[in-house]
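Reviewing the structure listed below.
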Amino acid sequence: MIPYGRQTIEEDDIQAVVDVLRSDYLTTGPKIAEFEKMMADYVGAKYAVAIANDTAALHAACYVAGIGAGDEVITTPITFAASSNCVLYCGGTPVFADIDPDTYNIDPEDIRRKITDRTKAIIAVHLAGQPCDMDAIHAIAKEHHLIVIEDAAHALGSEYKGKMIGSMSDMTTFSFHPVKPITTGEGGMIVTNDETFYKKLVLFRSHGITRDESQMTCNEGPWFYQQIDLGYNYRMTDIQCALGCSQMKKLDSFIARRRELVERYNKAFADCKNIVTPYQLPDTKSGWHLYIIQVKNKDRKAVFEALRAEGIGVNVHYIPVYHHPYYREHGYADVNCPVAEEVYSHIISLPLFPRLTDEQQDEVIEKVRKIVENM
Ligand SMILES: *Cc1c(COP(=O)(O)O)cnc(C)c1O
């Protein structure tokens with residue numbers, strides 16, 4: 001089976017991890033700050049906080065944004081459930097705005113319609129690496145005094161109007177799960193330009209405990225620390241951060257290869273009347289985490305099953321979050337985003353990862369063309 005996504009781990013990545021295993025610090029050592037600095041520099045943000053995974057990053061972002069009971073946070077239904085679960089962790093209410101039929105990202109016009117006097121934040125998700133319409137989202141946020149969090153699990157290395165994703169909003173979160181743009185096994189990062197958010201994020205990551213005298217009510221001696229907020233153990237290890245540093249050096253080459261593969265797919269499907277290839281918003285550069293096509297005039301389930309039977313590891317990104325029984329049972333039974341429903345009924349993600357070879361991709365193309373055009 002050719003998978004839809006796969007990590008690229010090379011000898012130098014392995015060596016970076018082994019070096020940490022032979023060192024003094026397995027966690028809370030020097031690799032944390034090194035990885036954070038690489039990320040902050042790369043995306044053009046002032047601060048970066050390494051954290052256990054993107055789900056923890058989103059939880060932390062919602063917490064320091066002050067989301068609590070009674071607060072509404074608007075997000076997209078076409079995402080992984082973590083993008084809205086983080087609001088529930090804080091006692092808030094996710095509100096789903098519909099998506100744009102071309103980009104499949106959250107539709108700013110529907111954000112406007114969903115705003116109430118309880119709305120406190122927007123969580124924008126850059127699906128497949130394609131940046132959301134950030135100018136429109138920031139304009140709405142400014143007008144209504146909302147915090148903007150970007151879930152950039154797919155979008156490390158993506159650009160919006162010449163700016164890196166991670167440089168623009170109150171907080172932006174990343175994932176380093178193996179299928180994502182770079183990997184640390186499990187891992188995540190929050191970037192921000194706001195010092196107050198930064199300090200709160202650092203506390204939240206580690207029990208709410210500080211050793212910084214300026215944050216403590218008193219100091220009883222060199223051993224002293226204080227818990228000044230309620231946090232979690234959401235730390236990343238030095239083992240993971242060393243892998244992250246090693247992977248960061250390769251990120252641009254990973255993205256370059258993804259872009260090459262996307263161009264090959266686009267060319268190969270240009271004449272297929274039953275395939276809608278991904279649309280690209282002007283003035284943006286996607287990091288191409290996923291290659292999502294829409295299959296038209298055919299039964300998506302039959303196409304999906306036929307491709308799997310042929311050894312092509314296709315997937316669907318995503319089932320609208322409010323379809324899940326947990327959401328249905330917690331107040332979302334009547335939610336319906338018509339564009340999201342329509343898009344969901346047609347989408348299939350094809351294999352896309354840096355080490356996919358031209359030969360493997362040609363096999364995918366041949367089978368997709370055969371099944372979608374002739375079946
Ligand atoms: C993968 C993913 C997450 C969760 O990331 P983890 O690091 O696995 O917690 C959140 N949001 C989106 C859009 C994702 O794709």
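The values are calculated or read from the model by the stated rules, or taken from the named source; none is laboratory data. This is a predicted model, so every value here is computed, not measured. Here the Cβ positions follow ideal geometry from the backbone for every residue, glycine too, while neighbour counts run over all protein chains shown. In case anyone asks, the SASA skips ligands and DNA or RNA and just uses the protein heavy atoms, side chains included. Shrake-Rupley method; radii C 1.70, N 1.55, O 1.52, S 1.80 Å.
The set of residues in the range 183-204 being crowded, with 24+ Cβ neighbours inside 10 Å and within 14 Å of the ligand (Cβ to nearest atom) consists of 184, 187, 188, 189, 190.
Would you mind stating whether residue 175 is crowded, with 20+ Cβ neighbours inside 10 Å and within 22 Å of residue 347 (Cβ to Cβ)? Judged against the criteria, residue 175 is a match.
Residues in the range 214-243 that are exposed (fewer than 13 other Cβ atoms within 10 Å of the Cβ) and small (Gly, Ala, Ser): 214, 221.
Of the residues making up the range 59-89, those that are outside any loop (DSSP other than H, G, I, E, B) and among the small types (Gly, Ala, Ser) are 60, 61, 82, 83, 84. The set of residues in the range 145-197 being in a strand (DSSP E or B), without any contact (Cβ under 8 Å) to a residue 60 or more places away in the chain and over 11 Å from the mean Cα position of the chain (by Cα) consists of 148 alone. Do we have residue 230 as out of contact with any Ser or Thr (no Cβ under 7 Å at 6 or more places or on another chain), hydrophobic (A, V, I, L, M, F, W, C) and farther than 18 Å from residue 57 by Cα here? Judged against the criteria, residue 230 is not a match. Filtering the range 51-63 to residues that are more than 12 Å from the ligand (Cβ to nearest atom) and either under 20 Å from residue 330 (Cα atoms) or open to solvent by less than 10 Å² (accessible area, probe 1.4 Å) (or both) leaves only 62. Pick out the one residue from 114, 180 that is more than 16 Å from the ligand (Cβ to nearest atom) and either over 25 Å from residue 323 (Cβ atoms) or not polar (S, T, N, Q) (or both). After applying the criteria, what remains is 114.
Conditions tested, residue by residue: (1) in contact with a helix residue (DSSP H, G or I) (Cβ under 8 Å, 6 or more places away or on another chain); (2) closer than 28 Å to residue 160 by Cβ; (3) within 16 Å of the ligand (Cβ to nearest atom); (4) not in a helix (DSSP H, G or I).
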residue	(1), (2), (3), (4)
241	yes, yes, yes, no
261	yes, yes, no, no
271	no, no, no, yes
303	yes, no, no, no
307	yes, no, no, no
329	no, no, no, no
354	yes, yes, no, yes
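Could you tell me whether residue 208 is farther than 18 Å from residue 287 by Cα, within 15 Å of the ligand (Cβ to nearest atom) and modelled with pLDDT of 95 or more? In short, no. State which residue is nearest to the ligand (Cβ to nearest atom) when the search covers only the range 85-99 and only residues that are closer than 16 Å to residue 68 by Cβ and open to solvent by less than 10 Å² (accessible area, probe 1.4 Å). Among residues in the range 85-99 that are closer than 16 Å to residue 68 by Cβ and open to solvent by less than 10 Å² (accessible area, probe 1.4 Å), the one nearest to the ligand (Cβ to nearest atom) is 86. Considering (1) open to solvent by less than 30 Å² (accessible area, probe 1.4 Å); (2) more than 16 Å from the ligand (Cβ to nearest atom), the lone condition that residue 37 does not fulfil carries the number (1). Hey, could you check the range 125-164 for residues that are more than 13 Å from the ligand (Cβ to nearest atom), among the β-branched types (Val, Ile, Thr) and out of contact with any Pro (no Cβ under 8 Å at 6 or more places or on another chain) and say which is most open to solvent (accessible area, probe 1.4 Å)? Taking the candidates together, the pick is 147.
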